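**Q** Handing you a structure now.
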Amino acid sequence: YNTLKNEWRSVAGVQDVTAARDVLGGAALQTGIIFNDKDGVQQNIAVSVMLTDDNYLSFYDMELVAGSAFSEGAVQRGNEYIINETLAKQIGWDNPVGQPIQLAWAQEAGSIVGVVKDFNFNTLHHKITPLCIQAAAGNNQGISIKVNTGNLAATLTSLENIWKQHIQDRPFDYQFLDEHFANLYESE
């Protein structure tokens, strides 16, 4: 992924590249988080988790309401979390930034570096639920590429050529995000 990302970023017409385990509008991974509440009592609650590249929030213009984005190297360390407002309210801390939490599958706790304004990460058929975003490597099942549409055919050809240089066993298959969302709500 890092090779593709770096080479794709150099293509004329490409504005940015990011990745995540899941595509927006699809079902997010579910797990638990372990944390100490305001009284120091250990709690475990179920949350949705998005595993993303470190630039995911800026790529999608998501608004941070507290704290900061992931730091450089967060993907390799895997110990920084950004939570949504719904999870921050459920946890109940006055200021969640800097507080430790641990994903149920993790060996060690990490810390909350930011709080993102609530957004619909599932379809609009679901209410917004608690969400924890982790900068994590190796889970990129969906790559997002932001492109200018001025010379789209040439940009797509360049992207595909780079793909074929590095990945011969899978076709270069893509879908525009607006088409993805249209498919989610086709029945309506």
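**Q** With the checklist (1) in contact with a Lys or Arg (Cβ under 7 Å, 6 or more places away or on another chain); (2) surrounded by fewer than 19 Cβ atoms within 10 Å (Cβ to Cβ) in hand, flag the one item Gln43 doesn't pass.
**A** Every listed condition holds for Gln43 apart from (1).
**Q** Is the range 67-81 home to any residue that is in a strand (DSSP E or B) and either in contact (Cβ under 8 Å) with a residue 60 or more places away in the chain or over 16 Å from the mean Cα position of the chain (by Cα) (or both)?
**A** Of the residues in the range 67-81, the ones in a strand (DSSP E or B) are 67, 80-81.
Remaining after also requiring either in contact (Cβ under 8 Å) with a residue 60 or more places away in the chain or over 16 Å from the mean Cα position of the chain (by Cα) (or both): 67.
So far as the range 67-81 goes, yes, one or more of its residues are in a strand (DSSP E or B) and either in contact (Cβ under 8 Å) with a residue 60 or more places away in the chain or over 16 Å from the mean Cα position of the chain (by Cα) (or both).
**Q** Do you know which residues across the range 157-175 are open to solvent by 70 Å² or more (accessible area, probe 1.4 Å) and not in a helix (DSSP H, G or I)?
**A** Across the range 157-175, the qualifying residues are Gln168, Asp169, Arg170, Pro171, Asp173, Tyr174, Gln175.
**Q** Hey, any hits in the range 54-67 for a residue that's more than 30 Å from Asp173 (Cα to Cα) and small (Gly, Ala, Ser)?
**A** The answer is yes, given that some residue of the range 54-67 is more than 30 Å from Asp173 (Cα to Cα) and small (Gly, Ala, Ser).
**Q** Could you say which residue among Thr52, Thr3 is among the polar types (S, T, N, Q), open to solvent by less than 20 Å² (accessible area, probe 1.4 Å) and over 16 Å from Pro130 (Cβ atoms)?
**A** Values: Thr3 fails: open to solvent by less than 20 Å² (accessible area, probe 1.4 Å).
Selected residue: Thr52, the only one of Thr52, Thr3 that is among the polar types (S, T, N, Q), open to solvent by less than 20 Å² (accessible area, probe 1.4 Å) and over 16 Å from Pro130 (Cβ atoms).
**Q** Based on what the data block shows, is Ile45 assigned to a strand (DSSP E or B), in contact with a strand residue (DSSP E or B) (Cβ under 8 Å, 6 or more places away or on another chain), under 19 Å from Asp22 (Cα atoms) and not polar (S, T, N, Q)? Lay out the reasoning, then the answer.
**A** Working: assigned to a strand (DSSP E or B): yes; in contact with a strand residue (DSSP E or B) (Cβ under 8 Å, 6 or more places away or on another chain): yes; under 19 Å from Asp22 (Cα atoms): no; not polar (S, T, N, Q): yes.
So Ile45 does not fit the description; no.
**Q** Applying the selection to the range 112-152, what residues are among the small types (Gly, Ala, Ser) and modelled with pLDDT under 85?
**A** Filtering the range 112-152 down to residues among the small types (Gly, Ala, Ser) leaves 114, 135-138, 142, 144, 150.
Ala137, Gly138, Gly142, listed by residue number.
**Q** Still on this structure: Consider Ala19 carefully, then state whether it is of a type in the set (Gly, Ala, Ser), open to solvent by 60 Å² or more (accessible area, probe 1.4 Å) and either in a strand (DSSP E or B) or at pLDDT 90 or above (or both). Show your work before the answer.
**A** On the way: of a type in the set (Gly, Ala, Ser): yes; open to solvent by 60 Å² or more (accessible area, probe 1.4 Å): no; either in a strand (DSSP E or B) or at pLDDT 90 or above (or both): yes.
No; evaluated as a whole, the condition is false for this residue.
**Q** Something else: I'm checking my understanding of the structure. Among residues of the range 73-121 that are within 24 Å of Asn140 (Cβ to Cβ) and polar (S, T, N, Q), which one is least open to solvent (accessible area, probe 1.4 Å)?
**A** Looking at the filtered set, the residue picked out is Asn84.
The values are calculated or read from the model by the stated rules, or taken from the named source; none is laboratory data. Here the structure is a predicted model, which means the values were calculated and not measured. Methodologically, a virtual Cβ is constructed for each residue, glycine included, from the backbone with ideal geometry; neighbour enumeration extends over all protein chains shown. For accessibility, only protein heavy atoms count, side chains too; no ligands or nucleic acids. Shrake-Rupley method; radii C 1.70, N 1.55, O 1.52, S 1.80 Å.
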